[in-house]
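Here, each number is a calculation from the coordinates, and none is a lab measurement. All figures in this text were calculated on a predicted structure; none of them were measured in a lab. Cβ placement follows ideal geometry from the backbone for every residue including glycine, while neighbour counts extend to all protein chains displayed.
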Amino acid sequence: MKVSGSLVAGGGILVFMVVFSIVGSIVGGSPAKQDFASILARPGTAGHLLGTDPLGRDVLAWVSMGIRTSLEVALGVVCLSALVGCTIGVVAGFTRGWLDVVLMRLADIQLSIPPLPLFIAASAVVVNSMTTLIILVSIVGWVPYARLTRARVLSQRERGYVMAARLAGRRRPAIIFLHILPGIRTEAIVLASLQAGVALLWEAGLSFLGLGLQPPYVSLGFLMSEGKEVLAQAWWVATFPGVALALLVVGFNLTGDGMRDFFGSDVATGNG
Amino acid sequence: MNGLSVSDLTVVRGSGAGPPAIGPISLSAEPGKAVGIVGETGAGKTLTLRALMGLLPAGFQLGGSVHLGNDEHVYRTEEELRRQLGRAIGVVLQNPFTAFDPLKSVGSQIVEGVVRRRLTSRSAARARAVELLEQMGFTHADDVMRLFPSQLSGGMAQRIAIAMALMPHPAVLLADEPTSALDATLRLGVLELICRFTAATGAVLVIISHDLRLIGRFCDTIVVMYGGRVVEAGPAKELLEHPRHPYTRALIACTPTIGARGKQPLASIPGSPPSLFQSEHRCRFAPRCPLVEDACWLEEPPLVPLSGVRVACPVVSREAVHR
Amino acid sequence: MVAGVTPGDVLIERASRASRRNGVLLYLAGRLAAGIFVLFGAITISFLLIHATGNPATVLAGGSLPAAQVHALSQQLGYNRPLLSQYGSYIVGVLRGQFGVSFRYGTPAIDSVMTALPNTLALIGVSLSAALVLSIAIAVSSVLSRKGWADRFWRPVVLVLQGIPDFWIALILVLVLAVHLHLLPSLGFAGPETLIMPCVALTVPMLASFTRLLRANLLDFTNSDIAFALRARGLTRREIVLGHSFRNAMATFVSFVALQAGWLIGGTVIVETIFAWPGIGTLLISAVLARDLTVIQAIVVVIAVAFTVFNLLADLAVLWLDPRIGRPAVGASR
């Protein structure tokens, strides 16, 4: 159990981002507010620390709230992926037989399908909502959790204590929760940290393309797409949300690595 | 060849304050003879082996010197010893399955070492490899060369590993528990092979094991280790028939014999082995020793000669003198 | 004859060669079957996709046509037939390479896709190659560097690079190189220099993940028991890393690269959008925005075929690298 530089750096970055987002919102005000007097204002102009976008919205306000939106999405995706993935893994591991085979084949297929075109194609028939986005991104995220949980179930089910518990009359759900799941705790945490970063990138990418979270949602990706249009005249509109996004992802990656160091080198990531 | 001579070999961790983790170890053997290093898990056998190979883990320092074969050179550093691997020093490790790269044929790996070091040409190496394999009992050595490690059984793999270690005509063959991973039925056969070979080529065999019976059967000299120290060393027959050190005695008493009469309980030594890394200077066996005295806790007992063997126990030495 | 050795040693090479061939064929057949299975699944998904919210005619109409016309449209396009029968004709069409006609252009849907495909493949080809070469160079030098200088430098750099979204890199590149420095053109596919920026944007994140994986695998092997045994034979660390760790790390690495390459087929969308690159990505976006359903279907299937091909190539590579496939153990357990 050692606290490595990565953990400190990653944790530090994430904490900084949260603080920044809170302070930034206080200073910047509401992201929806359009200040028509200062369209595309440069960073540093009065009242707009990081400038404004083509509709006069304050960049600092938008970025600060965007950070929170991103974190919400990341949290949602990680929770949903973990929930679905672990459930599938437990089912596959316990039932063995054809259900297991089918589920694992499904996982393999899922993993080899390029996610982005799938998201995009799905967006043709789907609506602008955070819930839908979270579900969509989780479609890609559940596989590592399933593999992890299944492997754990398979390795533990023949163990003495499981048999002893069953003989003592414990029902399966109790066995699962009390004995099997706690065993994957550390690996799941590492996995979650790394996945959070990936989820953020997907959300931002989709929003950038106009398919993810559009206004009234406040997304970093959306601001970047606006920034793309005015890149020559107003570099700040695209740059600041990008920096924020990069910092968040790097923060999660470092934290994930740090968690892996913290829990010891025998922690696998469950990525096949 | 002049055999093997190890003088005051020590392994120290970190800066070197306090007693060394291992040592000092001194032993010597003439060409063709076999030395057995015995000890339970935690006695420091592996670290000793790695010291002799010059492959200590990071943070450990080597002390003392080693002299091999018939050249005049005395090796004092890890690097010098390391350079002799695959040359004057051959090694057989415990796990036959992790002795090979799974992706290359067995034959290419047998010759790899000597060919890379330019000790001989590839064709000469192949010829010698085939010859060695035949002597290891393989009737179709050519075909065996083309096999991949995943196709081998444990016994086959270990015999090939031995052949591989013998390729460069080493002066010393180090064997770390060479038969522990094999079926009991194979052990004697494999050990016989090793011993016959080293005796024939004049190499010194150093076997490390926890199995006292096996060591007793095949070795000329036995070195008993405990807690990183040599507690007793001497000719095998003498040591086994008249063990002096309390640990050696206990070890022999613990060794189960098949067909022992009556339902005697299996003997064991109470307590558990000490850590190799201690800061105090004292006899490491003291906590478990039936003969312990106050003086035992104050300093490490030196290894002194006593009727043909060397023992590290002042209590035993003193009693012998009185007699 | 040494005691304990039976004549069972004998059955070896000739039998082994035949079994190797059979083993290889069996393996390939298995992978091909799996690939076809996945492809079929993707094709089915592409079919279901446009029926996910009901009759596709309604999606096409977009809510701006009266019910009667929607119904007529549905009949004209065959969307009012039973689902299974539509599925059947769809499959037949796909096998013949026919995806219907693009609603926007009136030309066969597959043509638009085939015109755009080579442009995307160019991007992928260059980025993937660059990422591969660079990541191997960095990973190997990191592992080889004696005092760890290279390693200590690259680790944090790679970590940071992996977090930066490819589209942000693209934007920054455009900003710096095109807008302010006027070094490179920023739009379209008009000669090799226009390849530079989009490829850099794509290469950087891939490079990062490749390097991390390869380095981890190389280190795993170099610190393993097997590597210790190799050192015991007299091989130097350098010889072990280059001659043994590398090959052993390749199998997982190649699988990962193939997976990434497959993902890249659809994953160039954002970068293509930024650079107005006439590839599959931009086509998909425009088709989605215009609800050009047949083109969307064609793209999904073409992407599926592409990643199936990539995966099969990876399987072939793994086969070439791993001599264990098709070689069973010989002799009794002795």
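Scan around residue B:60 for amide H atoms under 5 Å from its own, H built in the peptide plane at 1.01 Å from N, and keep only partners 5 or more places away or cross-chain.
Amide H to amide H, under 5 Å and 5 or more residues apart or across chains, residue B:60 pairs with B:14.
Quick one: P(r) of chain B from all Cα-Cα pairs, 10 Å bins, percents rounded to integers, in order of increasing distance.
For chain B, the binned pair fractions read 6, 25, 32, 23, 10, 3, 0 percent.
Go through B:166-174, B:185-193, B:17-25 and give me the packing order, highest mean Cβ count within 10 Å leading.
B:166-174, B:17-25, B:185-193
Which whole-Hz couplings ³J(HN,Hα) result when phi for each residue of segment B:146-162 is put into the Karplus expression 6.51 cos²θ - 1.76 cosθ + 1.60, θ = phi - 60°, listed in order with x for Gly and Pro?
Using θ = phi - 60°, the values come out as 8, 6, 9, x, 5, 8, 9, 8, x, x, 4, 4, 5, 5, 5, 4, 5 Hz.
Quickly work out the residue B:146-to-residue A:91 label distance, labels modelled 7 Å from Cα along the C-beta direction, and quote it in nm with one decimal.
5.0
Which percent, nearest 5, of DSSP beta bridges in chain B are antiparallel?
So the antiparallel bridges in chain B amount to around 60 percent.
As a test of understanding, state the convex hull volume per residue of segment A:103-248 from its alpha carbons, in Å³.
So the per-residue Cα hull volume is 136 Å³.
Calculate the mean, over all residues of peptide C:305-312, of how many other protein chain Cβ atoms lie within 10 angstrom of the residue's Cβ.
1
Okay, helix-only estimate at 222 nm for chain C: each DSSP H run of n ≥ 4 adds -39500 (n - 2.57), divide by all residues, round to 500 deg cm²/dmol; what do you get?
Taking each H run of at least 4 residues, the total per residue is -24000 deg cm²/dmol.
So if I place +1 on the C-beta of Lys and Arg and -1 on the C-beta of Asp and Glu, and nothing else carries charge, what would the dipole magnitude of segment A:5-269 be about its Cα centre? I want it in debye, nearest 20.
So the dipole magnitude of segment A:5-269 works out to roughly 1140 debye.
For residue B:37, enumerate residues with amide H under 5 Å from its amide H, sequence gap 5+ or separate chain, H modeled in the peptide plane.
Here B:207, B:208, B:209, B:223 satisfy the definition.
With each run of n ≥ 4 DSSP H residues scored as -39500 (n - 2.57), what mean residue ellipticity at 222 nm is computed for chain A after dividing by its residue count and rounding to the nearest 500 deg cm²/dmol?
Here the helix-only value at 222 nm equals -24000 deg cm²/dmol.
Looking at segment B:1-145 from every direction and averaging, what is the projected area of its Cα convex hull in nm²? List each step's numbers first, then the result.
Details: hull surface 42.1 nm².
Mean shadow area of the hull around the Cα atoms is 10.5 nm².
Averaged over peptide B:137-144, how many Cβ atoms belonging to another chain are found within 10 Å of each residue's Cβ? Mind dumping the intermediate values first?
Working: counts 8, 5, 7, 6, 1, 2, 9, 5.
Mean shielding by partner chains, rounded to a whole number: 5.
Using Cβ counts within 10 Å as a stand-in for footprinting exposure, how do B:110, A:189 rank, fewest first?
In order of increasing Cβ crowding within 10 Å: A:189, B:110.
Can you pull the three principal axis extents for the Cα set of segment A:5-269, in Å, largest first?
Result for segment A:5-269: principal-axis Cα extents of 75, 42, 27 Å.
Could you list B:150, B:279, A:81 so that the one with the fewest beta carbons within 10 Å of its beta carbon is first and the one with the most is last?
In increasing order of surrounding Cβ atoms, one gets B:279, B:150, A:81.
State the answer as a single residue: which of C:167, C:318, C:287 lies farthest towards the positive end of the charge dipole of segment C:109-321, with beta carbon charges of +1 for Lys and Arg and -1 for Asp and Glu, about the Cα centre.
C:318
At 7 Å along Cα-to-Cβ for each site, give me the label-to-label distance between residue B:7 and residue B:293 in nm.
3.2
Which percent of Cα pairs goes in each bin when the distances of the protein assembly as shown are cut into 10 angstrom slices starting at zero?
2, 10, 16, 18, 17, 14, 10, 7, 4, 1, 0, 0, 0
Which of the pairs B:33/C:147; A:2/A:228; A:2/C:147; B:45/B:237; B:104/B:237 have their Cα atoms more than 32 Å apart in this structure?
B:33/C:147; A:2/A:228; B:104/B:237
If amide H atoms are built 1.01 Å from N in the plane of the peptide, which residues on other chains or at least 5 residues away come under 5 Å of the amide H of residue B:313?
B:304
Please give the FRET efficiency for residue C:220 paired with residue A:19, using the beta carbon to beta carbon distance and R0 = 45 Å, rounded to the nearest 0.05.
0.75
Once phi is turned into ³J(HN,Hα) by the Karplus curve 6.51 cos²θ - 1.76 cosθ + 1.60 with θ = phi - 60°, what whole-Hz value does each residue of segment C:306-315 show in order, with x for glycine and proline?
The phi angles translate into 4, 6, 5, 4, 4, 5, 5, 4, 5, 4 Hz.
Helix-only mean residue ellipticity at 222 nm, chain B, DSSP H runs n ≥ 4 weighted -39,500 (n - 2.57), per residue, nearest 500. What is it?
-9500 deg cm²/dmol
If you line up the Cα atoms of segment C:109-321 on their principal axes, what length do they span on each, largest first, in Å?
66, 42, 26
How many nm separate the modelled label positions at residue A:129 and residue C:313, each set 7 Å beyond the Cα in the direction of the Cβ?
4.1
What does the structure give for A:252-262 when I average, per residue, the other chain Cβ atoms found within 10 Å of the residue Cβ?
That average works out to 1.
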